[in-house]
Amino acid sequence: MISLTLEGKITIVTGGSRGIGKSIALKLAQAGSTVAIFDILEKEGKDTADQIVSSGGKADFYRVDVTSEEDVKNAVGGILKNYGKIDFLVNNAGITSRYFFTEIPVQIWKKTIDVNLTGAFLCCKAVVPSMIKQKEGRIVIISSGSAITGSGGGAHYASSKGGVNSLVRALARELAPYNILVNGVAPRNIEAETLENVYSKEQIKALCEKIPLKRLGTPEEVANIALFLCSSLSTYITGQIILADGGRTFGSV
Ligand SMILES: NC(=O)c1ccc[n+]([C@@H]2O[C@H](COP(=O)([O-])OP(=O)(O)OC[C@H]3O[C@@H](n4cnc5c(N)ncnc54)[C@H](O)[C@@H]3O)[C@@H](O)[C@H]2O)c1
């Protein structure tokens, strides 16, 4: 029998209050892991943790801004104090917006790099020492297909996710001796608020025409990959960025 159980494991999911991160938190909790949700959205984050607990899982919400080293360190310290270890870190928190290149305000450029790239860096930096000690760990970072293709209206976003891909590869190489596996998941066109805030209904319809599978993906389809990357089925995979894009990136080449 094939088992994807994460019973007894401790996972951090950043940006787990809603969207893709929420699906990842629910999925990993369903597989048996205790989940710590790091997010700035308190109400949604507590609701997600409550949803997990009321369906028999284990979860806590931590109000953490991933761009604050202090927030991240305090929350990671609290988890290590309570549970003694962290098995999985899923860096999912991210922001996006669309601007033609010459219109990108420098504050938006800096904020996007700060949340999407520096946030992942700070969380990895806080968690890795404990993973090195236990000689085991998995890190998943949510990237984006736009890191590969550019995103037509978001050089700041594509650049932040290009940095994420490099962070995945650099960490995978440096942390392999400690049996810490680091991979990325690059979604594209997933039904979530970030997509709905950026595109109109008509644009989403036109977008689906460009996708070989002719539909948007779901947050759960991304969560399934995170589960695989935290499970015992992926012990020989590190430094990879798995595209979850309905074939769009491949289809447009
Ligand atoms: N939806 C898509 O099609 C798509 C495509 C490619 C990549 N992604 C990536 O997937 C991830 C999740 O996206 P989503 O579509 O679910 O977006 P979302 O906006 O629904 O969720 C993002 C979450 O991150 C949290 N967050 C933002 N800034 C934060 C901060 N400073 N500290 C802590 N938490 C913070 C938000 O509060 C929110 O809960 C992001 O990294 C995004 O770039 C999404």
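The listed residues are VAL115, VAL53, VAL64, VAL106, and the only one of them that is within 21 Å of GLY163 (Cβ to Cβ), away from the ligand (no atom under 16 Å from the Cβ) and without any contact (Cβ under 8 Å) to a residue 60 or more places away in the chain turns out to be VAL106. Annotation note: of ALA120, ALA126, the sole residue that is aliphatic (A, V, I, L, M), within 13 Å of the ligand (Cβ to nearest atom), assigned to a helix (DSSP H, G or I) and closer than 30 Å to LEU4 by Cβ is ALA120.
Counting only helices (runs of 4 or more DSSP H) that sit completely within the range 163-253, those holding 2 or more residues that are more than 17 Å from the chain's Cα centre (by Cα) correspond to 193-198, 201-210, 248-251. Filtering VAL66, VAL35, VAL72 for residues that are crowded, with 17+ Cβ neighbours inside 10 Å, modelled with pLDDT of 95 or more, among the aliphatic types (A, V, I, L, M) and assigned to a strand (DSSP E or B) leaves a single hit, VAL35. Only a single criterion out of (1) surrounded by fewer than 21 Cβ atoms within 10 Å (Cβ to Cβ); (2) under 21 Å from GLY21 (Cβ atoms) is not satisfied by PRO187, namely (1).
Residues checked against (1) more than 21 Å from SER33 (Cα to Cα); (2) out of contact with any Phe, Trp or Tyr (no Cβ under 7 Å at 6 or more places or on another chain); (3) of a type in the set (Val, Ile, Thr); (4) loosely packed, with under 15 Cβ neighbours inside 10 Å:
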| residue | (1), (2), (3), (4) |
| --- | --- |
| ASP114 | yes, yes, no, no |
| PRO129 | no, yes, no, yes |
| ARG169 | yes, yes, no, no |
| ARG173 | yes, yes, no, yes |
| VAL182 | no, yes, yes, no |
| THR194 | yes, yes, yes, no |
| ILE211 | yes, yes, yes, no |
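Among the residues of the range 14-48, those identified as near the ligand (Cβ under 10 Å from one of its atoms) and touching a Lys or Arg at 6+ places or on another chain (Cβ under 9 Å) are GLY15, GLY16, SER17, ILE37, PHE38, ASP39, ILE40, LEU41, GLU42, GLU44, GLY45, THR48. One residue stands out among those in the range 134-153 that are assigned to a loop (DSSP other than H, G, I, E, B) and closer than 12 Å to PRO187 by Cβ: the one that is nearest to the ligand (Cβ to nearest atom), which is SER144.
The values are calculated or read from the model by the stated rules, or taken from the named source; none is laboratory data. Being a predicted model, the structure only gives us computed values, none of them experimental. Methodologically, a virtual Cβ is constructed for each residue, glycine included, from the backbone with ideal geometry; neighbour enumeration extends over all protein chains shown.
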